[in-house]
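Novice: So that we are looking at the same thing, I have put the structure below in structure tokens.
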Amino acid sequence: MLKLNHISKYYNAGTVNEMCLFQDFNLSVEKGQFVSVVGSNGSGKTSMLNIICGSIPVDSGTIYMGNKNITPLPEFKRLRSIGRVYQNPAMGTCPHMTILENMALADNKGQSFNLRPGIRRQRLDFYREQLKTLGLGLEDKLQVKAGVLSGGQRQAMALLMASMTPIEFLILDEHTAALDPKTAETIMELTGKIVKEKKLTTIMVTHNLRYAVEYGDRLLMMHQGKSVVDITGSQKAEIRIEDLLEKFNAISIECGN
């Protein structure tokens, strides 16, 4: 379980440019839930992910993962149990390293750095089998550098690498936004497959309302650092894209747009 309790976050506090991002924000995510998060620009979606991952600190409040208070933990320690895929495909892989080296790097996540080879030859078949599940032929290109792959191939690799080792949470930060429509569909199908097979607790931020409706068992809509829609179960299953658009339009009118 993930819990954000009474989170407050201000930018430029004490100045004329002070902005309140979150004030007494609370969120609980049950183990095994797949939460789709939508909202307009500046609503706090990605900032919420950054707070969970430790990329930005909070001014007050606590963050629990399971029964452990992770609020004081730095980002690199939190990411031992969190897999994250970013909007930019280039951020999930090392371009100057081969596919094999990238896979080995992900495979060694959380382990001690000792004077031993980074690539274990006995793991080659495992890497090939993992890459084969992507259906992109990457299992036959282990010596190809990741930087020459397409954005979709790199994003598929990033998704695979983020979930290769045992993790408690998978964080997807608009991970299809930079892809063409056909590739985005492929990545979303792969996402659904990985989340289901590995039973991952997942938070996915997306601007694609169809993906938010079709994927996940819970849907959040955020606005000005607050959750204005939070539905699960039959409500989530029955919601339509038109319903979300109507809510978006109502918020836009309220804000004078």
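Novice: Can you give the % of DSSP beta bridges in the chain that are antiparallel, to the nearest 5?
Specialist: Numbers: 21 of 39 bridges.
Taking every DSSP beta bridge with both residues in the chain, the antiparallel ones total about 55 percent.
Novice: So, in nm, how far is label N5 from label S60 when the simple model puts each one 7 Å beyond its Cα toward the Cβ?
Specialist: 1.5
Novice: Another one. Keeping every protein chain present and rolling a 1.4 Å probe, give me the accessible area per residue for the chain in Å².
Specialist: Computed with neighbouring chains in place, this is 51 Å² per residue.
Novice: Cα convex hull of segment 185-257: how many Å³ per residue?
Specialist: Value for segment 185-257: 98 Å³ per residue.
Novice: What distance in nm separates the simple spin-label points at K182 and Q224, each placed 7 Å from Cα in the Cβ direction?
Specialist: Label-label distance for K182 and Q224, simple model: 4.4 nm.
Novice: Before anything else, pin down the relative contact order of the chain: Cα pairs under 8 Å, at least 6 apart, normalised by residue count, whole percent.
Specialist: Once divided by the residue count of the chain, the mean separation gives 26 percent.
Novice: While we're on this one: For a quick check: with amide H placed at 1.01 Å from N, whose amide H comes under 5 Å from V37's, ignoring anything fewer than 5 positions away on the same chain?
Specialist: M204, V205, T206, L220
Novice: With an 8 Å cut-off on Cα pairs and a minimum separation of 6 or more residues, tell me the relative contact order of segment 53-141 in percent.
Specialist: Numbers: 48 pairs, mean separation 15.2, N = 89.
Relative contact order, segment 53-141: 17 percent.
Novice: Related question: First measure r as the distance between the Cβ atoms of D140 and V16, then evaluate 1/(1 + (r/R0)^6) with R0 = 45 Å and state the FRET efficiency to the nearest 0.05.
Specialist: The computed FRET efficiency comes out at 0.15.
Novice: So if a site counts as exposed when it's one of the trypsin sites (Lys or Arg not before Pro), its DSSP state isn't H, G, I, E or B, and it has at most 11 other Cβ atoms within 10 Å, what's the longest stretch of the chain without one?
Specialist: 1-198
Novice: Distance cut-off 21 Å, Cα to Cα: go down the list K68/K193; K182/K226; K45/K226; K68/K196; K45/K247 and report the pairs above it. If you can, show how the numbers build up before the last one.
Specialist: Details: K68/K193 29 Å; K182/K226 33 Å; K45/K226 10 Å; K68/K196 25 Å; K45/K247 16 Å.
Beyond 21 Å between Cα atoms: K68/K193; K182/K226; K68/K196.
Novice: T186 accessible area, nearest 10 Å², 1.4 Å probe?
Specialist: 60
Novice: In straight Cα distance, which aspartates and glutamates are under 12 Å from K77, not counting same-chain residues fewer than 8 positions off?
Specialist: Reachable aspartates and glutamates: none.
Novice: So which aspartates and glutamates can K145 reach, going by Cα to Cα under 13 Å and dropping same-chain residues fewer than 8 places off?
Specialist: Cα-Cα hits under 13 Å: E101.
Novice: Tell me, what % of the accessible area of segment 63-200 is carbon and sulfur with a 1.4 angstrom probe?
Specialist: 54
Novice: Per DSSP H run of at least 4 residues, take -39500 (n - 2.57); add these up for the chain, divide by its residues and hand me the 222 nm value, nearest 500 deg cm²/dmol.
Specialist: On the way: 9 runs with 87 residues, N = 257.
Helix contribution divided over all residues of the chain: -10000 deg cm²/dmol.
The values are calculated or read from the model by the stated rules, or taken from the named source; none is laboratory data. Predicted model, so just to flag it, every value in this text is computed and none were measured. As a convention, Cβ positions derive from the backbone with ideal geometry for all residues, glycine included, and neighbour counts pool all protein chains shown. Ligands, DNA and RNA are excluded from the accessible area calculation, which covers all protein heavy atoms including side chains. Shrake-Rupley method; radii C 1.70, N 1.55, O 1.52, S 1.80 Å.
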